[in-house]
Amino acid sequence: MIYRLGSAKEISVDIRLICATNRPLKESVKEGLFREDLFYRINTFELTIPPLRDRAVDIPLLLGFFLKKFGKKYNKSIPHITDNFLNKIMLYEWPGNVRELQNAVERAIILNNGQQLQLSDLFNDGSYSSLDKEEVTNLEELEKLTILRVLKNNNGNVTNSAKEPGIHRNALYRRLEKHGL
């Protein structure tokens, strides 16, 4: 029940409240930085979503979604995406998470002329230069790239993805855990 400002009449409402934060609210309550009563009112069900850098396998799906969305919004053709390009952006840390990816794709659609998408289309500040290397020589990164590629090729199916490099499914699960995928 709520009261309209300046009214004494109760109004019945049925709502679902969804809150999001990047701060540890329990610790903030303990430190006196967040109201304890409000915390217990809103903390019925808590979901923790890992940062995008820890969910690199989500990047191709998000990229495709944003390319379609902004292609339609700006009435532009969707640029071609190479596997090499996709592998490179999956290695990027994405400190701004999904919102950073969304803004980068929107900027890319605006700047691109419908040709092949380039790293410079996504990153206008030069932060892509560390990704713009012709080859990966670090074995850990190479293994991670291979895992991401086979998962993408097999639509996330771990059993089929394990067959491609010739390893057992359990070995692929261990490698996924090792790389935080």
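The values are calculated or read from the model by the stated rules, or taken from the named source; none is laboratory data. Computed from a prediction, not measured in an experiment: that's the story for all the values here. Positions of Cβ are generated from backbone atoms using ideal geometry, with glycine treated the same way; all protein chains shown enter the neighbour counts.
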Tell me the residue from Glu164, Glu141, Glu177 that is out of contact with any helix residue (DSSP H, G or I) (no Cβ under 9 Å at 6 or more places or on another chain) and either modelled with pLDDT under 80 or farther than 18 Å from Leu86 by Cβ (or both), please. Glu177
Positions within the range 160-174 being more than 14 Å from Lys144 (Cα to Cα) and assigned to a loop (DSSP other than H, G, I, E, B), in sequence order: Glu164, Gly166, Ile167, His168
Do we have Arg35 as outside the structural domain of Gln116 (by TED's automatic domain parsing), over 16 Å from the mean Cα position of the chain (by Cα), surrounded by fewer than 14 Cβ atoms within 10 Å (Cβ to Cβ) and closer than 30 Å to Phe123 by Cβ here? no
In the set Ile49, Ile42, Ile11, Ile18, which member is touching a residue at least 24 places away in the same chain (Cβ under 8 Å) and β-branched (Val, Ile, Thr)? Ile42
Take the residues in the range 90-107 that are at pLDDT 90 or above and more than 11 Å from the chain's Cα centre (by Cα); name whichever of them is nearest to Thr21 (Cα to Cα). Asn103
Tell me, please, whether a residue that is loosely packed, with under 15 Cβ neighbours inside 10 Å, touching a residue at least 12 places away in the same chain (Cβ under 8 Å) and either touching a Gly at 6+ places or on another chain (Cβ under 6 Å) or over 17 Å from Met90 (Cβ atoms) (or both) can be found in the range 166-180. yes
So is Arg149 among the basic types (Lys, Arg) and at pLDDT 85 or above or not? no
Single residue of Asn75, Asn43, Asn22 found to be exposed (fewer than 13 other Cβ atoms within 10 Å of the Cβ) and on the phi > 0 side of the Ramachandran plot: Asn75
For residues that are touching a residue at least 12 places away in the same chain (Cβ under 8 Å) and of a type in the set (Phe, Trp, Tyr), tally how many sit in the range 21-39. 1
All but one of (1) touching a Phe, Trp or Tyr at 6+ places or on another chain (Cβ under 7 Å); (2) exposed (fewer than 14 other Cβ atoms within 10 Å of the Cβ) hold for Leu52; which doesn't? (2)
Yes or no: the range 48-64 includes at least one residue that is of a type outside the set (D, E, K, R), modelled with pLDDT of 90 or more and over 22 Å from the mean Cα position of the chain (by Cα). no
Could you list all residues from the range 20-43 that are part of a loop (DSSP other than H, G, I, E, B) and of a type in the set (A, V, I, L, M)? Ala20, Leu33
